[in-house]
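Every read-out reported here was derived from the displayed coordinates using simple, explicitly stated rules and does not represent laboratory data. Keep in mind that what you see is a predicted model, and the values were worked out from it rather than measured. Cβ coordinates were reconstructed from backbone atoms using ideal geometry, including for glycine residues, and neighbour counts include every protein chain displayed.
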Amino acid sequence: MTRRIILDCDPGHDDAMAILLARGTPEVELAAITTVAGNHTLDLTTLNARRVCTLAGITDVPLAAGCSAPLVRPLVTATEIHGTTGLQGHTWAEPTVHVISEHAVDLIIELVMAAPGEITLVPTGPLTNIAMALRREPRIADRVREVVLMGGSYTRGNVTPAAEFNVYVDPEAAAAVFTAGWPLTMIGLDVTHMANATAEVLARIAALGTGLAAAVVGMLGFYRDRQLHEFGTASPHVHDPCAVARVARPEFVSCKEARVEVELAGEFTRGMTVTDFRMRAAVTPNAMVGTSIDDGAFWDLFVAAIGRIPTRADA
Ligand code: BDR
Ligand code: CA
């Protein structure tokens, strides 16, 4: 059965890959794409979402802009990874896809409330829009099918030694999302550091020979060089599409039940996702936590998705 998702994102290279994977995978249908500030300011993440939608001919999916700042703290961006425009590595044409006038938070509430048990939320940026939607309409917690987010980790951080970027940027929002009592899966760095765009993967995408494939290779090449510079990794971790893959093909990603709490007060641990797998009597689990991904199957899924999307002549 096709799974209807709202992809709430902050493109961002890997967010762009998540949009494309969702578009090109028959098991998933995009009900909406919503944007949030994170990798860059909201203006740029929204422009980048418009660019990706234009490139991939995504003209039939509502695109809505959301929150421009975290709930409490000042915005932290990731230009060192995603470049000054948030999506360097491809020369973008003027986008012809536009945002709708509705705010992303309103759109999320409207779509979830209208289709009880149907919509899966897939956040791949800071969780500000999702927390705001919960605050405005708490009943969405009972109406979503599930939440499958890219964020957090139980073994490491990236923006700090303790914290993953999406949770670090808006930890108060993340805390609200993790404790909302809805079915939630955390696809963190533990999983996404296994999904690396190796030279072989890039060659397979390039061999598709389409304009879209060339754009993807360009973006991933830029992303590779930035991650090499920042972290010394030869092949970049392509985080966000792992959450889409978990929805499309759950068997590709192994998960274990746990209790996840978000650190809000620590001096060195802001945004850490403290994950308790102990399953003691006093511990109530609130998440399925991704522990590994079949990276071969993941890249097969991704390459096939890129191959299915026709490139628009004007993109
Ligand atoms: C997450 O941070 C962002 O930079 C990426 O887009 C991804 O969502 C990885 O920590
Ligand atoms: Ca992201």
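Tabulated values for the structure
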{"quantity": "HN-Hα J in Hz across segment 250-261 - Karplus 6.51, -1.76, 1.60, θ = phi - 60°, x for Gly and Pro", "calculated": "x, 5, 6, 10, 7, 9, 9, 6, 7, 9, 10, 10"}
{"quantity": "Mean-position separation - Cα centroids, segment 91-132 and segment 163-212, in angstrom", "calculated": "17 Å"}
{"quantity": "Point-charge dipole on Cβ atoms (K/R +1, D/E -1) for segment 3-308, about Cα centre, debye to 20", "calculated": "240 debye"}
{"quantity": "The chain, relative contact order in percent, only Cα pairs under 8 angstrom and at least six apart counted", "calculated": "22 percent"}
{"quantity": "Area projected by the alpha carbon convex hull of segment 61-168, averaged over all directions, nm²", "calculated": "8.7 nm²"}
{"quantity": "Fraction of beta bridges assigned by DSSP in the chain that are antiparallel (%, nearest 5)", "calculated": "30 percent"}
{"quantity": "Residue-wise HN-Hα coupling along segment 76-90, computed from phi with Karplus coefficients 6.51, -1.76, 1.60 (Hz; x: Gly, Pro)", "calculated": "10, 10, 10, 5, 5, 9, 9, x, 5, 9, x, 7, 7, x, 9"}
{"quantity": "Length added when fully stretched, residue 1-residue 229, from 0.36 nm per residue minus Cα-Cα", "calculated": "77.9 nm"}
{"quantity": "Ranking of 127, 149 by count of other Cβ atoms within 10 Å, fewest first", "calculated": "149, 127"}
{"quantity": "Estimated 222 nm signal from helices in the chain, with DSSP H stretches of n ≥ 4 weighted -39500 (n - 2.57), rounded to 500", "calculated": "-11000 deg cm²/dmol"}
{"quantity": "Note, ³J(HN,Hα) from phi for segment 200-208, Karplus 6.51, -1.76, 1.60, rounded to Hz, x at Gly and Pro", "calculated": "5, 4, 4, 5, 5, 5, 4, 5, 5"}
{"quantity": "Gap separating the Cα centres of segment 240-315 and segment 1-74, nearest whole Å", "calculated": "17 Å"}
{"quantity": "Farthest toward positive dipole pole in the chain [+1 Lys/Arg, -1 Asp/Glu at C-beta], among 279, 32, 59", "calculated": "279"}
{"quantity": "Segment 3-308 - Debye-derived log10 I(q)/I(0), Cα point model, q = 0.07, 0.11, 0.13, 0.15 Å⁻¹", "calculated": "-0.22, -0.58, -0.83, -1.15"}
